[in-house]
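Data first, discussion second: the structure below is written as structure tokens.
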Amino acid sequence: MADGDQLFARFGKAVPAGTVLFREDERGNTMYVVQSGRVRITKEGADGMKTLAILGPGEFFGEMAILNNKPRTATAEVIEEARLLVLDGRTFEQMVVSNSEIAVRLIKKMARRLDSALALVEILMHRDPKARVILGLSREAEVIGQEREDGSVFIPMKLEALSDNVGLHPNQVLEVLKRLSRLRMVEQREAGFVVVDVPRLHEFLEFLEMQEKFGEV
């Protein structure tokens with residue numbers, strides 16, 4: 001039996017799509033590791049629910065509740081039938097102490113999450129919807145983007161999810177996407193977005209930021 005199967009036999013749980021694993025502000029004493037499927041992490045904001053992340057195989061979540069004994073900071077919902085490892089605080093601590101590789105992976109993942117959180121704050125600080133959308137696309141291209149042979153990057157994300165991430169109404173995002181499409185920087189597809197020219201998109205963002213700064217003078 002493979003290591004993954006052994007872990008699932010001890011700590012695993014098959015969870016159907018639509019299951020809410022925990023809600024924001026609840027107390028919790030378990031964390032989760034995704035073996036298969038997808039889980040959406042959301043948080044209630046001033047203007048509605050925001051999607052913070054879509055987690056897939058190899059990702060973990062819920063660890064802060066057992067590390068600092070505080071309420072859940074977000075809601076976790078299974079959006080694609082999943083196989084999850086469910087670990088309590090004692091089991092998690094034993095794994096970290098006995099396996100340095102797990103400890104290093106934890107540190108790296110938490111560092112990436114901090115970078116992602118800082119990037120999200122940067123996005124939401126922009127007043128210009130165009131800058132928000134471009135920053136959002138750039139962030140997702142780095143996190144979940146799939147580079148193609150022609151140098152473009154495919155982002156498997158729906159319009160609604162992108163709208164949630166950048167704090168804008170879908171119609172506002174759509175207007176920006178139409179402009180980026182006319183400029184041949186981004187193409188909207190049924191399954192996501194294609195960033196045709198990543199460097200050019202970054203150059204356009206720099207132009208917008210300079211324009212915003214100049215307008216404030």
> Here is a list of conditions, (1) modelled with pLDDT under 85; (2) part of a helix (DSSP H, G or I), and Thr91 meets all of them except one; can you say which number that is?
Replying inline: (1)
>> Can you tell me which of (1) basic (Lys, Arg); (2) surrounded by fewer than 17 Cβ atoms within 10 Å (Cβ to Cβ); (3) more than 16 Å from Val15 (Cα to Cα); (4) touching a helix residue (DSSP H, G or I) at 6+ places or on another chain (Cβ under 9 Å) is the one Arg83 doesn't meet?
In response: (3)
> Is one or more of the residues making up the range 155-175 in contact (Cβ under 8 Å) with a residue 40 or more places away in the chain, in a helix (DSSP H, G or I) and farther than 19 Å from Lys50 by Cα?
Replying inline: yes
>> Among the residues of the range 1-30, what is the count of those that are aromatic (Phe, Trp, Tyr) and part of a helix (DSSP H, G or I)?
In response: 2
> Is it the case that the range 31-45 has a residue that's assigned by TED's automatic domain parsing to the domain that holds Lys108, among the small types (Gly, Ala, Ser) and not in a strand (DSSP E or B)?
Replying inline: no
>> Name the single residue that is surrounded by the most Cβ atoms within 10 Å (Cβ to Cβ) among those in the range 129-154 being assigned to a helix (DSSP H, G or I) and charged (D, E, K, R).
In response: Arg132
> Which residues, taken from the range 52-83, are of a type in the set (Val, Ile, Thr) and part of a loop (DSSP other than H, G, I, E, B)?
Replying inline: Thr73
> For the range 105-145, how many residues are modelled with pLDDT under 70 and β-branched (Val, Ile, Thr)?
Replying inline: 2
> If a residue has to be touching an Asp or Glu at 6+ places or on another chain (Cβ under 8 Å) and crowded, with 16+ Cβ neighbours inside 10 Å to count, how many in the range 155-180 make the cut?
Replying inline: 5
>> Residue under question is Arg148, and the condition is that it be modelled with pLDDT of 85 or more, charged (D, E, K, R) and within 26 Å of Pro199 (Cβ to Cβ); does it hold?
In response: yes
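The values are calculated or read from the model by the stated rules, or taken from the named source; none is laboratory data. Just so it is clear, the structure is predicted and the values come from calculations on it, not from any experiment. Quick reminder, even Gly has a Cβ in these numbers, built from the backbone with ideal geometry, and neighbours come from all protein chains shown.
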